[in-house]
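A short write-up of the structure that comes next.
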Amino acid sequence: MNYTTQSIPRRKFLAASVAALGIAPMTWLRAQNSSPNDEIAIAIIGLGAMGSSNMSNFLNIQGVRVVAVCDVDSQKLAEAKAVVDGKYQNTDCKTFAQYRDLLQLPGLDAVCICTPDHQHARIGIDAASAGLDIYGEKPFTWGLAEGRLLVDAVTKNKRVWQTGSWQRSTGEFRRFKALIQNNTLGKLTRFECGTPAGMAIQPHVPQEKWPEMIGKPPANLDWAAWCGPVKNLEYHPMIHPWNWRWINITGGGMLLDWVGHHVDIAMWTLGLENTGPVKVEGTGKPGDHPFFDTYVEYAYQGTFADGRVIEVRSDFGGTKFTGENGWIHVDRGELKASDRELLRNLPADFDTKPPSHWQNFLDCVRSRQLAVSHAEGAHRAASFGQLALVAMDSKQTVDWDPKTEKVLNNDEQAKHPRLGSRLSA
């Protein structure tokens, strides 16, 4: 796959810089909440589809207040402020074009980071260093090494992190985990995950308008700030606000969009969320689009130190485990088994009414407990997908040390952009 920047209409990639950003982290920390009754002040960074959705969830929970919004697109910024002010019936919501300015807002307790993948690490590290708790979207980070830097920043600064892997907080996926851990299937023999194929390309503007817009970002968009660590990416009206997902230098396609869901569920259920595979192999088929370059079909698998193998394919959806007693398959809104009686084997203490994923984050901000989708688990799920991309791109098996997070015996693979960091030390 091509990880260099592209001039889209010419179908020719430009050289992409992976130079360090050189942004010094903030050295001051905020005090933790002193009372469990305090209202939590949160800001939303990135106001696209997921940002708007998460903002709506926080706006409808008691005990938290959205006090500010931030986006490099002034139009989205104004629209979000209008929603927040409308909810609270005032004009108090503050707006920020640059996230670094937002991080210095007095009284702020937490941020929700919903930017494109390539910005997750830098903003997350700076937010943690500023003493803020974080609800961050998945995948955890664009690259594996920068993911470890983000985990370290969260840990060092004693921050609460919740990943937007909300399936961990829904009934059917929690039931699946409880059934498996209650030995419902007996000895487990196969672990399968299905994540989507293709590219869900949105036609932002008609193609006939492209020539007059290429290289000319609209006045409402700070293109350089949007690009962040990605240098020399020419503006194209099809990239922002959605289709960046289908360009390897900013996104990771359906594979990375979904590894933090169904693959995350498999690793969480098996107790593998604090480690990674020792071997990853796979194949992928890139699309035939002239400039979007992520894989549209793929099959990969990771072998863990204890010999268990998690298989991932793009030809079905959900997480399916098979054992000596049959199989159980979970997907959104659906829990099936080879024999329905298997679904009755829940432990007696199973909690059928968990808090929402967003409420769990807020509860942990107050209690300082580990959130249900914590930083290490999110990093390990994302790293599985990142290693799969390395295997597909190199057409070779990746031998991996999950403790040191280093490629073994393959210097060329070790240079893959997904395994590095585009951030400063």
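What follows draws every value from the coordinates through simple rules; no lab data is involved. Computed from a prediction, not measured in an experiment: that's the story for all the values here. Quick reminder, even Gly has a Cβ in these numbers, built from the backbone with ideal geometry, and neighbours come from all protein chains shown.
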Once you charge only the Cβ atoms, +1 for Lys and Arg and -1 for Asp and Glu, what is the size of the charge dipole of the chain about its Cα centre, to the nearest 20 debye?
240 debye
Most fluctuating of 145, 391, 305 in the GNM of the chain (C-alpha, under 10 Å) is 305
For segment 22-166, what does the relative contact order come out to in percent, with C-alpha contacts under 8 Å and a separation of six or more?
24 percent
Just to verify a number: FRET efficiency for residue 97 and residue 190, C-beta to C-beta distance, R0 = 51 Å, to 0.05?
0.55
In whole Å and largest first, what semi-axes does the C-alpha gyration tensor of segment 22-166 yield when each eigenvalue is scaled by 5 and square-rooted?
23, 18, 14
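Tell me what the chain gives for mean residue ellipticity at 222 nm when only DSSP H runs of n ≥ 4 count, each as -39,500 (n - 2.57), the sum divided by the residue total, rounded to 500 deg cm²/dmol.
It lands at -8000 deg cm²/dmol.
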Counting pairs of alpha carbon atoms under 8 Å apart in space and at least six apart in sequence, what relative contact order in percent does the chain give?
22 percent
Ranked list, fewest to most other Cβ atoms within 10 Å of each Cβ, for 294, 275, 352, 141:
352, 275, 294, 141
Name the residue farthest towards the positive end of the dipole of segment 252-321 from the options 286, 254, 275, assuming +1 on Cβ of Lys and Arg, -1 on Cβ of Asp and Glu, about the Cα centre.
275
Pairwise label distance in nanometres, residue 285 with residue 83, each label 7 Å out on the Cα-Cβ vector
3.7 nm
Determine, for 193, 227, the number of other Cβ atoms within 10 Å of each Cβ, and report the residues in order from fewest to most.
227, 193
When only alpha-carbon atoms count, how far does the chain stretch along each of its three principal axes, as whole angstroms with the largest first?
61, 55, 40
Of 156/231; 279/406; 285/395; 231/415; 231/403; 81/156, those spanning more than 22 Å from alpha-carbon to alpha-carbon
156/231; 231/403; 81/156
Ranked 374, 120, criterion: other C-beta atoms within 10 Å, fewest first
374, 120
Considering the chain as a Gaussian network with a 10 Å cut-off on Cα pairs, which listed residue, 300, 99, 88, attains the greatest mean-square fluctuation?
88
Which whole DSSP H helices in the chain pass both tests: a Cα extent of 24 Å or more along the axis and a mean Kyte-Doolittle value no lower than -1.0?
375-394
